[in-house]
Each structure stands twice: as structure tokens, then as C-alpha cells.
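Data block below; observations after.
The values are calculated or read from the model by the stated rules, or taken from the named source; none is laboratory data. Since we're looking at a predicted model, the values are computed, not measured. Cβ coordinates were reconstructed from backbone atoms using ideal geometry, including for glycine residues, and neighbour counts include every protein chain displayed. Remember, those area values only see protein heavy atoms, side chains included, never the ligands or the DNA or RNA. Shrake-Rupley method; radii C 1.70, N 1.55, O 1.52, S 1.80 Å.
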Amino acid sequence: MRPARLHAWDSLVPDHPMANIERRRIVGERLMIAQVRLSAGFALESHQHENEQHVVMISGRCLFGLGEPGTPQYREVELCGGQVLELPGNVPHSCRALEDSLIYDVFSPVSATTGVDREPRG
């Protein structure tokens with residue numbers, strides 16, 4: 001069993017896996033949380049992953065595409081501060097930051113990569 005640990009977001013080294021994003025991550029055994037700062041104009045193409053993902057919007061506004069683009073099931077939802085988007089595993093989704101935004105992304109199970117990663121990171 002791992003011991004309990006205390007983290008401070010400001011003490012974690014950020015990474016920038018794409019343009020217009022700053023991310024800090026805490027990775028546990030079965031859950032990962034990321035503090036994500038998006039600059040207005042950030043755009044992530046539709047992708048999917050096995051992980052469940054909860055997008056906790058703290059501030060700002062983002063437009064999420066849900067489902068396979070070009071199908072009748074596809075829809076877009078705008079998230080703003082105080083809302084949470086629950087994404088089951090393998091649901092195609094995209095994201096565009098309409099303004100500077102602060103998000104906490106929660107993933108389970110843990111994965112070395114997320115939709116913004118082009119290759120595995122340590």
C-alpha cells in the first residue's frame with residue numbers, strides 16, 4: 001500500500017503537450033487528475049480512449065464535440081465554470097477553448113497518455 005501524499009499544484013512541473021495548453025498531473029495507482037489551463041483558441045480534434053474522463057470546468061468556456069462527427073448522434077455542448085462533463089470510456093470527443101479556461105480532468109484508469117499526448121510520457 002502506498003502512503004498518503006500531499007501535493008501542491010504550484011510545486012508540480014507543468015508540461016505543454018500541445019500549443020495553448022499547460023498541464024500538471026498527479027498520477028495515482030488507479031486514478032489520475034490533471035490541472036489543465038487552456039488558452040483561447042486551443043483545439044483538440046476528435047479522439048477517444050478507454051479511460052473514463054470527468055471534465056471539471058473551474059472557469060472559462062469550452063465547446064465539446066460528443067460522438068462521431070458526421071453522424072446523427074454527434075452533438076456539441078458548451079461547458080462553463082461550475083459544470084462537469086462525464087465522458088464514459090470510448091466516447092469520441094473534441095474540445096475547443098472559447099476563452100482562457102481552467103479545467104481539472106479526472107481519468108480512470110491511469111494512462112501514460114491522454115488525447116493531448118502525441119506519444120507516451122513518463
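When the criteria are applied in full, LEU79 meets the requirement of being over 18 Å from VAL110 (Cβ atoms) and within 14 Å of the chain's Cα centre (by Cα). Residues of region 16-33 that are touching a His at 6+ places or on another chain (Cβ under 9 Å) and open to solvent by less than 30 Å² (accessible area, probe 1.4 Å): ARG23 alone.
Could you please let me know if GLY82 is in a loop (DSSP other than H, G, I, E, B), farther than 14 Å from ILE103 by Cα and either open to solvent by 30 Å² or more (accessible area, probe 1.4 Å) or not basic (Lys, Arg) (or both)? Outline the logic, then answer.
Numbers: in a loop (DSSP other than H, G, I, E, B): yes; farther than 14 Å from ILE103 by Cα: no; either open to solvent by 30 Å² or more (accessible area, probe 1.4 Å) or not basic (Lys, Arg) (or both): yes.
In short, no.
Among what's in region 34-52 and is outside any loop (DSSP other than H, G, I, E, B) and either more than 24 Å from GLY82 (Cα to Cα) or free of Cβ contacts under 8 Å to residues at least 60 places away in the same chain (or both), pick the residue that is most open to solvent (accessible area, probe 1.4 Å). So, considering only residues that are outside any loop (DSSP other than H, G, I, E, B) and either more than 24 Å from GLY82 (Cα to Cα) or free of Cβ contacts under 8 Å to residues at least 60 places away in the same chain (or both), the one most open to solvent (accessible area, probe 1.4 Å) is GLU45.
In region 73-99, the residues that are under 12 Å from ARG61 (Cα atoms) form Cβ pairs under 9 Å with partners that are among the charged types (D, E, K, R) and modelled with pLDDT of 95 or more, at six or more places apart or across chains, as follows: GLU78/ARG61; LEU79/ARG61; CYS80/ARG61; GLY81/ARG61; ALA97/ARG61; LEU98/ARG61; LEU98/GLU78; GLU99/ARG61.
Condition test on GLY70, is it surrounded by fewer than 13 Cβ atoms within 10 Å (Cβ to Cβ) and not in a strand (DSSP E or B)? Spelling it out, GLY70 is indeed surrounded by fewer than 13 Cβ atoms within 10 Å (Cβ to Cβ) and not in a strand (DSSP E or B). Could you please let me know if VAL106 is over 24 Å from ASP15 (Cα atoms), open to solvent by less than 50 Å² (accessible area, probe 1.4 Å) and of a type in the set (Val, Ile, Thr)? So VAL106 does not fit the description; no.
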